[in-house]
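Worksheet: one structure, shown below.
Read-outs throughout are calculated quantities, based only on the coordinates presented, and are distinct from any laboratory measurement. Worth saying up front: this structure is predicted, and the values here are computed from it rather than measured. So basically every Cβ, Gly included, is an ideal-geometry build from the backbone, and we count neighbours across all protein chains shown.
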Amino acid sequence: MNLYQILFVQTWPWWAGGLGLGLTAVALAWVAGEKLGVSGCLSAACSVVLKKNKETFSSWPIWFLIGLPLGGFLANLGHWNWTWLYGQMDALSLGNFYLKGFFLFIGGALVGFGARWAGGCTSGHSILGIARGNKMSILVTVAFLVAGIVTAHFLYKVL
Amino acid sequence: MAKKIIAPKKTINKEIRLTSQPKIQTKKSSYHLGFLAIFFGIAFGFFLSKSRATDFDTILNMFLFTDFQLYGVIAVAIAVTALGLFLLHRNQKSIAKQIDQWENPVIDRKKMIGGFVFGIGWALAGICPGTAITQLGEGKWSAIFPIFGLIVGIFAYFKLMPEVKRKK
């Protein structure tokens, strides 16, 4: 149990992970006065491409998005390797690579579309929104969870 | 703040639509952050990965009620954020002013449908936008599919529902 193991190899218990995520949100508000929200950042990145917005490639959402995979890389530095495996998704797609890609693509598209429609994703609504006591965020989070629970039970318990 | 800047009436329709989007006005402060945001991105991705949010099975087991890790993560994150924002709001006047400027989404039950759509995708692909991008850095190749889907979904939203965006 040395520092290297804790930082780069192991996963953390729920309270430590939540503490880190919460502190990141607070730090972002403290340093920049910005609200945390990954789907908002993604949307800003897409706006750059569509030239719908004044956001540019040097604005902060783009840099935030670049930072995310670097963080994931750091967290798994100790045992990092490429893999196509994707947990139980491999079982659901019967080991068929293209079917898996299709499922993941559809899921991703639903998430992207729904996140914009709802006005935020898990980070924006569920963490920051509820922390600010926003009623809409609570409603949306309930919708997230209910739909997710129903879908997961349908896909993995019924089928 | 967002509504103060209104395009002159003489400008053509297209320009009005462009300038009346709230993001342009409310995000003026964002340009101060610039590339420093990469450190926040790194921190957020790191903690997402550490809390196992980037693992498909963890998210699935959360929905199947066999693993309560992520409920705990989200609950603690909410508590920490709420406490932190409360303290910031009380002790830092300039930050408090900015926090007050954050737009509060109005209650709109139609948005719940978006939430349901999101939830279905969340369970199917096992990702939320942040974790999909983080997975790419973890070496999970398969994450390119949901990321591609995310981008397509957002573009589709822009194309299909511009009126919703303008109404905000």
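Worth a mention:
- Here region A:1-142 was treated as a single set of alpha-carbon atoms; its pair distances binned every 5 Å from 0 give 2, 8, 12, 16, 18, 20, 14, 8, 2, 0 percent.
- Among A:Ser137, A:Ser43, A:Ser59: highest mean-square fluctuation, GNM of chain A, C-alpha pairs under 10 Å: A:Ser59
- Relative contact order (percent, whole number), chain A, Cα cutoff 8 Å, 6+ residue spacing: 26 percent
- Cross-link pairs A:Lys157/B:Lys111; A:Lys35/B:Lys159; A:Lys135/B:Lys111; A:Lys35/B:Lys97 - those with Cα-Cα distance over 19 Å: A:Lys157/B:Lys111; A:Lys35/B:Lys159
- Size-normalised alpha-carbon gyration radius of region A:35-115, reference 2.2 N^0.38 Å: 1.37
- Charge tally for A:Lys135 (other residues, Cβ to Cβ under 12 Å; Lys, Arg +1; Asp, Glu -1): +2.
- Choice from A:Ala45, A:Ala32, A:Ala118 with maximal GNM fluctuation in chain A (Cα, 10 Å cutoff): A:Ala32
- Volume per residue of the C-alpha convex hull in region A:85-159, rounded to whole Å³: 92 Å³
- Value of Rg/Rh across the protein assembly as shown [Cα atoms, Kirkwood radius]: 0.96
- Cα-based shape type of region B:54-168, given that a ≥ b ≥ c are square roots of the gyration tensor eigenvalues and the cut on a/c is 1.5: oblate
- Chain A: most fluctuating residue of A:Val142, A:Val48, A:Val31 per GNM, C-alpha cutoff 10 Å: A:Val31
- Kyte-Doolittle at least 1.0, axis length at least 24 Å by Cα - qualifying DSSP helices, chain A: A:14-32, A:97-118, A:135-153
- Relative contact order of region B:61-168, defined on C-alpha pairs under 8 angstrom at six or more residues apart (%): 11 percent
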